[in-house]
Amino acid sequence: MLKNILSNRFVKRTLIIFTAILVILLLLDFLLLPWWVSKEETKVPKVVGMNEQEAVAILEDHDLNPIISDTTFNESFPKGAIALQRPEEGSTVKVGRRVYLFISGGEPTVLVPMLKGKSVRDAKFALERIGLKLGTVEQVPSSNPKNMIFDQEYVEGTPIKKGQTVGVSLSSGIETGEISVPDLIGKSLMEAGKVLADSSLRIGKLNYQISFSLLPNTIIDQYPSKGYKLNPGDAVDLFVTKSGKDQIQNEVK
């Protein structure tokens, strides 16, 4: 009966696999585990902030195995410096342990989107979505449709740091006026009104924006910009500051 069972191919294969597993477990228990437990220990040194070559050399001096893992963007460390290590400094590990190093890629960058053909509003949204800001909007007479961006400070695909501004050139159409728009930025609303009246122009739409640093009713932007040609009686839209205290009080309520 036993002979018949042992002659079964499936049973034979099962016994061989079981025997192999048993041998491996015995080797681990009597040879590998005692060897691993008996290995010397060392403390992981601090290499964060060092360059790659220095970090590798110091870790190898401590009989550790440095592994360059990945690049991470970190504003706190210059490009090429070690921004993160695993295990961390001071950890007690076995000699020969792998220490993973993450290299700083410097400040995060984004690619400038295509702004040509967009309106100022659309360009602002496109930039803010990726962490950039709309910079100077220069109005330039051109044959392009009025209020369309036809040029930009950085070409599409240029990598720049997050938070930077991107200036654009906005078509003001073909000039037909005879009065040059004065520079009103920095003036009070009352002063701006007087300057425009002296130029036979008038105040158009007022756009209020909260400011905690400038006095209320200070002009921070205008449309059209200075130098643009208008006809007598045309309007200039103004962007004017208002106090942020009212906003805070409303939020508190």
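Laboratory data are not the source of any read-out in this text; all were calculated from the coordinates shown. Here the structure is a predicted model, which is why all the values come from computation and not from measurement. Here Cβ is always computed from backbone atoms with ideal geometry, including for glycine, and neighbour counts include all displayed protein chains.
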inquiry  = Filter Lys124/Lys226; Lys118/Lys194; Lys116/Lys229; Lys162/Lys187 down to the pairs with a C-alpha to C-alpha distance above 29 Å, please.
reply    = Lys118/Lys194; Lys162/Lys187
inquiry  = For the ranges 65-71, 210-216, what's the packing order if you count other beta-carbon atoms within 10 Å of each residue, average per peptide, and put the highest first?
reply    = 65-71, 210-216
task = Mind jotting down the distance between the C-alpha centroids of region 87-105 and region 154-180, whole Å?
result = 48 Å
ask   = Using the per-residue mean of other Cβ atoms lying within 10 Å as a proxy for protection, in what order, highest first, do the peptides 198-207, 163-172 fall?
value = 163-172, 198-207
remark   = Neighbours of Val168 by Cβ distance under 15 Å: Lys/Arg at +1, Asp/Glu at -1, summed charge -1
remark   = Subtracting the Cα-Cα distance of Ile58 and Asp198 from 0.36 nm times their residue separation yields 43.1 nm
request  = Quick one: which residues, 5 or more positions from Ile210 or on another chain, have an amide H under 5 Å from its amide H? H modelled 1.01 Å from N in the peptide plane, none for Pro or chain starts.
outcome  = Lys242
request  = Under 12 Å from a label point 7 Å along Cα→Cβ of Thr71: give me every residue in region 105-148 with its amide N that close.
outcome  = 105-109
ask   = Tell me, in nm to one decimal, what length is gained between Ser91 and Lys133 on full extension, where the rule is 0.36 nm per residue of separation less the Cα-Cα distance?
value = 10.8 nm
query = On full extension of the chain, what length is gained from Gln209 through Gln164, given 0.36 nm per residue of separation minus the C-alpha to C-alpha distance?
reply = 14.1 nm
